[in-house]
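Read through the structure below, which is laid out as structure tokens, and then see the notes.
The values are calculated or read from the model by the stated rules, or taken from the named source; none is laboratory data. Everything quoted here is computed from the prediction, not taken from an experiment. Ideal geometry is used to build each Cβ from the backbone, glycine not excepted, and the neighbour counts take in all protein chains shown. Side chains are part of the model used for accessible areas, which takes the heavy atoms of the whole protein and leaves out ligands, DNA and RNA. Shrake-Rupley method; radii C 1.70, N 1.55, O 1.52, S 1.80 Å.
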2 protein chains.
Amino acid sequence: MNTLPTNNTPGRRKFISDTLKITGGLTLLSSPALSMAGNVLSPNKEFTIREIMDIILKEIPGAPFQQTVDTLKSGTPDQKVTGIITTMFPTVNVIKKAINLNANFIIAHEPSFYNHTDDTNWVPGNSVLKQKLELLQKNNIAIWRFHDYWHRHRPDGVGYGVLKKAGWLQYYKAGEPLVVIPPATLKNITQHLKSSLGIDHVRVIGDLSQQCSRIGLIPGAAGGQMQVSFVEKEKPDVLIVGEVHEWETAEYIRDAQSLGSKTALIVLGHAVSEEPGMEYLVEWLQPKLGGLKVTNIPSDSPFTWV
Amino acid sequence: MNTLPTNNTPGRRKFISDTLKITGGLTLLSSPALSMAGNVLSPNKEFTIREIMDIILKEIPGAPFQQTVDTLKSGTPDQKVTGIITTMFPTVNVIKKAINLNANFIIAHEPSFYNHTDDTNWVPGNSVLKQKLELLQKNNIAIWRFHDYWHRHRPDGVGYGVLKKAGWLQYYKAGEPLVVIPPATLKNITQHLKSSLGIDHVRVIGDLSQQCSRIGLIPGAAGGQMQVSFVEKEKPDVLIVGEVHEWETAEYIRDAQSLGSKTALIVLGHAVSEEPGMEYLVEWLQPKLGGLKVTNIPSDSPFTWV
């Protein structure tokens, strides 16, 4: 379980590389018990954004990081929080739902402005970004990205959430890079992931009738170099990812199979592959905040499949 | 028609940027007539790889380029050519078919070794790459990448091939960034692309019942920054691409629609979105080579959709 889903940028790859060095491998569960207790506070306590960030960061090894994309994308640290939304992508639709729920703090795993560093000048004069910022400012909605920190949590918050939702926690062993499940066909594993994670369509490379047991799970978009390196090293029966570069990982897997490899690939879709981690964040965070409501709004897949 | 499908690497982005500067826009057809005549040679003439590359490059503006990924990935320039295969990805399967056809020269649009520069040390010790190289060497198969040059040809070879196969050449106007077709629903356009280009499944973001006429066509994987910039500038009714980064272009399009934009997105898949350009290469190249056989072997989509 490496569970360091990333975008394929140098900074992001460096973060992966550093994390692998620090953890000495693909560790999901580094301690047998989860730190779920947290601070049980009075139900009526008010929090600022800064206070909530502090409560979270004190449970993240090595936090705060000197270099991280996990910054406030809108709002201010001193803002009083009326409610918290967790989600994968802080889409305009998610923001509107947050406004309806009177929740002014969105904790999002992925970028707000369509690029990894949320550079607002990535496409100069971006009219969509401008309208999104206006929507956020008009409604005093704060967004904090919670990517690097949630992956650095032990267990990795995204990996843990996905395994939990897939019903596979029982098969995970701390420190092991692969999850070994009872043998099942690639087709059955695919169907299980679709039904348990609530995904309508996935893309697969492999023989649907082949038996798989040794699972490599890398939700998100870790990039081809990381995904291919993982397969070369661990030789899983199936690699399960969120997103691939077709010309990198997909072509590598296709060639590998033509040369006799049995490693299959399941591509879940980026948003739906990591949303269980942001759903799990509710369960992890709510007990630390007393009565302040924490709600997951799934950002869902953007695609219609035709 | 910008038709500079690329991988999202700095070098590749620079190539796009330079090309756009040189051509002053997204020019597919820079001259009213196509240069199809070429050299009609004796049917029994033998060619080396170098001679074939020279025949091709003399029709590419500005060739040879100082910096390009279009290099020989295997084989040698002095090798005698027994037959030519054109394809998108020189997969192991395509190589095996080439061997069966006694064709020892593969002209491929995309990488051989799973990364844009075909760096064989991208993943050190890559066992799949090693076996692929052995297969190539054992059978004396040469691979030349033909990416930058084919896009720089006027008309852009990939864009021309796609428009031709889609039956849309009649709607293209030289120098215009968009192709304006008779209004049709997004659903009908999607179905037309699937049937005319031979694609089984596509992913769409948008209202399938909306009318579209102004088409932005960017086959391949041009990267989010280029795709988003194109939409911001040209506001097409629908953008048709090969591959997206979900966290960039897909999320931008989704937010844009939530804010009232009518620009839809169709994601065809990388290989199938550009293969018509390598199919068209046969028609373009064959008359220049007398009796030396040129054959397109489609690399096809790697995915099963479940």
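Per the Kirkwood definition applied to all pairs of different Cα atoms, how many angstroms is the hydrodynamic radius of region A:43-133?
14.5 Å
Looking at chain A, what % of its DSSP beta bridges pair antiparallel, to the nearest 5?
35 percent
Using a 10 Å cut-off on Cβ to Cβ distances, tally the other chain neighbours for every residue of B:114-122 and report the average as a whole number.
4
Mind pulling the angle between the C-alpha long axis of helix B:10-23 and the longest principal axis of chain B? Nearest 10 degrees, somewhere in 0 to 90.
80 degrees
Given label points at 7 Å from Cα along Cα→Cβ, what nm distances, shortest first, separate A:Gln286 from the same residue in every other copy?
A:Gln286 label point versus its equivalents elsewhere: 6.6 nm.
May I ask which residue of B:Leu129, B:Thr117, B:Trp168 lies farthest towards the positive end of the charge dipole of region B:108-192, with charges of +1 (Lys, Arg) and -1 (Asp, Glu) on Cβ and the Cα centre as origin?
B:Trp168
Which whole-number percent of Cα pairs in chain A have a distance greater than 30 Å?
Here the tail beyond 30 Å accounts for 31 percent of pairs.
Of all DSSP beta bridges located in the protein assembly as shown, what percent are antiparallel, nearest 5?
Around 40 percent of the beta bridges assigned by DSSP in the protein assembly as shown are antiparallel ones.
Ignoring ligands, DNA and RNA, how do A:Thr263, B:Thr295 rank by accessible area with a 1.4 Å probe, largest first?
Solvent-accessible surface, decreasing: B:Thr295, A:Thr263.
Once the label point is set 7 Å along the Cα-to-beta-carbon vector, what list of distances in nm do you get between B:Gly125 and its counterparts in the other copies?
Here the equivalent label points are 5.2 nm apart from this one.
Kindly flag which residue pairs out of A:Lys132/B:Lys173; A:Lys233/B:Lys194; A:Lys80/A:Lys288 have an alpha-carbon separation exceeding 26 Å in this structure.
A:Lys132/B:Lys173; A:Lys233/B:Lys194
Treating the angle as unsigned and between 0 and 90°, give the value, to the nearest 10°, between the Cα long axis of helix A:186-197 and the longest Cα principal axis of chain A.
Approximately 10 degrees, to the nearest 10.
Take every Cα pair under 8 Å in chain A that's 6+ residues apart, average their separations, divide by the length, and report that relative contact order as a whole percent.
26 percent
GNM on chain A, C-alpha springs below 10 Å: top fluctuator among A:Gln137, A:Gln66, A:Gln211?
Evaluated over chain A, the most mobile residue of the options is A:Gln66.
At a 1.4 Å probe radius, which order do B:Leu193, A:Leu135 fall into by accessible area, largest first?
A:Leu135, B:Leu193
In bins 20 Å wide, starting from 0, what share of all Cα pairs of the protein assembly as shown does each bin hold, as a percent?
Histogramming the protein assembly as shown at 20 Å steps yields 20, 51, 25, 4, 0 percent.
Averaged over peptide A:252-264, how many Cβ atoms belonging to another chain are found within 10 Å of each residue's Cβ?
The per-residue average across the peptide is 6.
Would you be so kind as to identify which of A:Val204, A:Gly216, A:Trp284 lies farthest towards the positive end of the dipole of region A:155-306, taking Lys and Arg as +1 and Asp and Glu as -1 on Cβ and the Cα centre as origin?
Comparing the listed Cα positions along the dipole, A:Trp284 ranks first.
Just from its helices, what would the mean residue ellipticity at 222 nm be for chain A, if runs of 4 or more DSSP H residues each count -39500 (n - 2.57) and the sum is divided by every residue, rounded to the nearest 500 deg cm²/dmol?
For chain A, the value works out to -10500 deg cm²/dmol.
Going from most exposed to least, what order do A:Lys288, B:Lys235, A:Lys262 have by accessible area with a 1.4 Å probe?
Sorted descending by solvent-accessible area, the residues read A:Lys262, B:Lys235, A:Lys288.
Give me the dipole magnitude in Debye, nearest 20, for the protein assembly as shown about the Cα centre, with unit charges on the beta carbon: positive for Lys and Arg, negative for Asp and Glu.
Dipole magnitude for the protein assembly as shown comes out near 140 debye.
When all protein chains stay in place, what accessible area (Å², nearest 10, 1.4 Å probe) is found for A:Leu169?
Rounded to the nearest 10, the figure is 50 Å².
What ratio of Cα Rg to 2.2 N^0.38 Å holds for region A:164-282?
0.98
Along the positive direction of the dipole of chain A (beta-carbon charges: Lys, Arg +1; Asp, Glu -1; about the Cα centre), which of A:Gln225, A:Ala184, A:Thr71 reaches farthest?
A:Thr71
What figure in square angstrom, to the nearest 10, would you give for the accessible area of B:Arg203 with a 1.4 Å probe?
10 Å²
Mind checking the per residue accessible area of the protein assembly as shown for me, 1.4 Å probe, whole number of Å²?
Solvent-accessible surface per residue comes out at 37 Å².
Calculate how many DSSP beta bridges within region A:153-306 are antiparallel, expressed in % of all such bridges and rounded to the nearest 5.
Around 45 percent antiparallel, to the nearest 5.
Put the label 7 Å from Cα along Cα→Cβ for A:Gln211; what are its distances to the other copies, in nanometres, shortest first?
5.9
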